[in-house]
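Engineer: This is the structure, below, for whatever I ask next.
No lab work stands behind these numbers, since they all come straight from the coordinates. In this text, all values refer to a predicted model and were calculated from it rather than measured experimentally. Positions of Cβ are generated from backbone atoms using ideal geometry, with glycine treated the same way; all protein chains shown enter the neighbour counts.
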Amino acid sequence: MQAVMYIVQYLVFPGFVFSAVVGLMTTWVDRKVTARVQLRVGPPWYQPFADTAKLLGKEVVVPADARWTGFLLMPVLGLAAATLASTILWSVNLRPESSFVGDTIVTLYIMTIPAITLIIGGSASGNPLGALGSAREMKLLFAYELPLAIAFLTTIVKVGSFSFEKVLMYQQYNGVMLGSVSGVLAFIVAIFCAQAKLGFLPFDIAEAETEIAGGTHIEYSGAPLAVVRLNTAVMYLVVPLFIITMFWGGVAFTGWRILTSVLKYVAIVVIMVLIKNTNPRVRIDHAVRFFWGPMFAVSAIAMILAVIGY
Amino acid sequence: MSLALKALKKSPWVFHVNTGACNNCDIEILDCLTPRFDVERFGVILVGSVRHADVLLISGPVTQNILPRLKRLYEAAPRPIKVVAIGACGCRCGIFRDAYNAVGPIDKYIPVDAYIPGCPPKPETIISGIVKVLNQL
């Protein structure tokens, strides 16, 4: 019985269907806010759903040079991993007792799988630009994972536990992490790393439509492209939710907390969209230097402050 | 009408091919994406790879060098694909008709679904042409 419950949770709520719908709505918010920043009107609310339905109906082209197993399997694997991360995060937020020891570390690792599948899919596409995109994504992954992990470890050090339940309980009794100096510093680092994790400007180096024509996505068409885009949409839900859980007291669906939860989520999304719209694309060496230099330093300072007790 | 076709009418992604145009039509195509016309209201986005495209916007007379690439681009695009010839050059070679390096209008080599004349065509004309292509579906 428990197994059936887990499967339903994974596939429907709070797993695949729920994450996909909310994630696609978030990509609409992203496009609408972008349009308003640029003084345009922007697409209607059903636009991401129309895009997905259209892509599912298009022809699937597999290039002759591609390894079709890796090329077609990897987007599905990435979507499965992103959905799993979303399921874990929603479960611990809605029912903290479903938390298990070390689930913060597990989720942090699952969140890197979509990037790894993109790297493998881009290399398997047989396209030189796809391989270039993969190489860039790999360098970017090495660059941002270190400060991101240290930023989340700041919260873990402060709380003294690896489970989401303890993190949420600590923030309920002692105030949110954003109320402390180390929390604020780690939050800033996490926002920038999230920007790179989601492949947004200024760190959309691996996709770079105007430069390498889509990079890792270049050879995907039809249904696989829809899966790749869904993958990004679900990650768009997962990454802000992880940040909210670690630094801003989590989300809940009871009473007034529904409103504050939605506001927290939209606030983080809007911060990310504004960073995206006010910055040009940086070069890969600039990105690596940015993450290993200033971002690493800030996260290390946050860590030290957390150890001291600020 | 199937759901996929209905969705296609709501999100036509365009891919922009220059087959030797003087860049004037290309500027007018980009004008459609600016705040004044904002075709993203109708779900149109300019994509970077032909594998993502639903509509090919082709401008320019076909030059000898671009001809094999144009044929390969058309073959590489996932079906259903629509082709729009933009500008006087795209429709009938324009002023380059007698040029030594222009090998003829686009429809000599690949099927074209709509012709948008003008040198260059106004953004309104381009939008109206794409609407006509979508109504053919």
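Engineer: Is there a pair in A:LYS32/A:LYS158; A:LYS158/A:LYS264; A:LYS32/A:LYS139 whose C-alpha atoms are over 27 Å apart, and which pairs would that be?
Structural biologist: Going by Cα-Cα distance, A:LYS32/A:LYS158; A:LYS32/A:LYS139 fall outside the 27 Å limit.
Engineer: In deg cm²/dmol and to the nearest 500, what is the mean residue ellipticity at 222 nm of the protein assembly as shown if only DSSP H runs of at least 4 residues count, each as -39500 (n - 2.57), divided by the residue total? Let's see the in-between values first.
Structural biologist: On the way: 19 runs with 268 residues, N = 447.
About -19500 deg cm²/dmol.
Engineer: Considering only A:PHE187, A:PHE162, A:PHE152, give the residue with the highest GNM mean-square fluctuation for chain A, with springs between Cα atoms whenever their separation is below 10 Å.
Structural biologist: Most flexible of the set in this elastic network: A:PHE162.
Engineer: Related question: Could you state the number of Å between the C-alpha centres of the stretch A:161-184 and the stretch B:91-137?
Structural biologist: 61 Å
Engineer: Then there's this: What ³J(HN,Hα) values, in whole Hz, does the Karplus curve 6.51 cos²θ - 1.76 cosθ + 1.60 give for the stretch B:45-55 when θ = phi - 60°, with x put for Gly and Pro?
Structural biologist: 10, 8, 9, x, 10, 5, 5, 9, 8, 10, 10
Engineer: I've got another one for you. What is the distance in Å between the Cα centroid of the stretch A:75-92 and that of the stretch A:107-150?
Structural biologist: 17 Å
Engineer: Among all helices in chain A defined by DSSP H, which have a length of 20 Å or more along the axis from Cα atoms plus a Kyte-Doolittle mean of at least 1.6?
Structural biologist: A:181-197, A:222-247, A:257-277
Engineer: Hey, another quick one. Starting from the 7 Å offset along Cα-to-Cβ, what nm value, one decimal, do you get for the label separation of A:GLN38 and A:ARG95?
Structural biologist: Going from the A:GLN38 label point to the A:ARG95 one covers 4.4 nm.
Engineer: Ok, one more. At what distance in nm do the modelled label points of B:ASP98 and A:TYR46 sit from each other, each positioned 7 Å from its Cα along Cα→Cβ?
Structural biologist: 5.4 nm
Engineer: With label points built 7 Å along Cα→Cβ from the Cα atoms of B:ARG79 and A:VAL76, find their separation and express it in nm.
Structural biologist: 2.5 nm
Engineer: Largest first and to the nearest Å, give the Cα extent of chain B along each principal axis.
Structural biologist: Computed over the Cα atoms, the extents are 46, 32, 24 Å.
Engineer: Just report the Cα centroid separation between the stretch A:278-302 and the stretch B:26-43, whole Å.
Structural biologist: With the stretch A:278-302 and the stretch B:26-43 each reduced to a Cα centre, they are spaced 34 Å.
Engineer: Restricting to bridges with both residues inside the protein assembly as shown, how much of the DSSP beta-bridge set is antiparallel, in percent to the nearest 5?
Structural biologist: Of those bridges, close to 5 percent are antiparallel.
Engineer: Additional query: Looking only at other chains, what is the average number of their beta-carbon atoms within 10 angstrom of each beta-carbon in A:42-55?
Structural biologist: 6
Engineer: Let me ask something additional. Calculate, in nm to one decimal, what A:TRP68 and A:THR278 gain on full extension: separation in residues at 0.36 nm each, minus their alpha carbon distance.
Structural biologist: Separation in residues times 0.36 nm, less the Cα-Cα distance, equals 71.8 nm.
Engineer: Once both axes come from the Cα atoms, what is the angle between helix B:123-136 and the longest principal axis of chain B, in degrees from 0 to 90, rounded to 10?
Structural biologist: With rounding to tens, the tilt is 70 degrees.
Engineer: Can you give the angle from 0 to 90° between the axis of helix B:67-76 and the longest principal axis of chain B, with both taken from C-alpha atoms, to the nearest 10?
Structural biologist: The angle comes out at about 20 degrees.
Engineer: Still on this structure, I have one more. Please give me, ordered by residue number, the trypsin sites (Lys or Arg not before Pro) of the stretch A:221-310 that lie in loop per DSSP and have at most 13 other Cβ atoms within 10 Å.
Structural biologist: Those satisfying the criteria are A:ARG283.
Engineer: For the protein assembly as shown, what are the per-bin percents of Cα-Cα distances with bins 10 Å wide, up to the bin holding the maximum?
Structural biologist: All Cα pairs considered, the percentages come to 4, 19, 28, 24, 14, 7, 3, 1, 0.
Engineer: Please give the FRET efficiency for B:ARG72 paired with A:ASN174, using the beta carbon to beta carbon distance and R0 = 56 Å, rounded to the nearest 0.05.
Structural biologist: Efficiency, from the Cβ-Cβ distance: 0.35.
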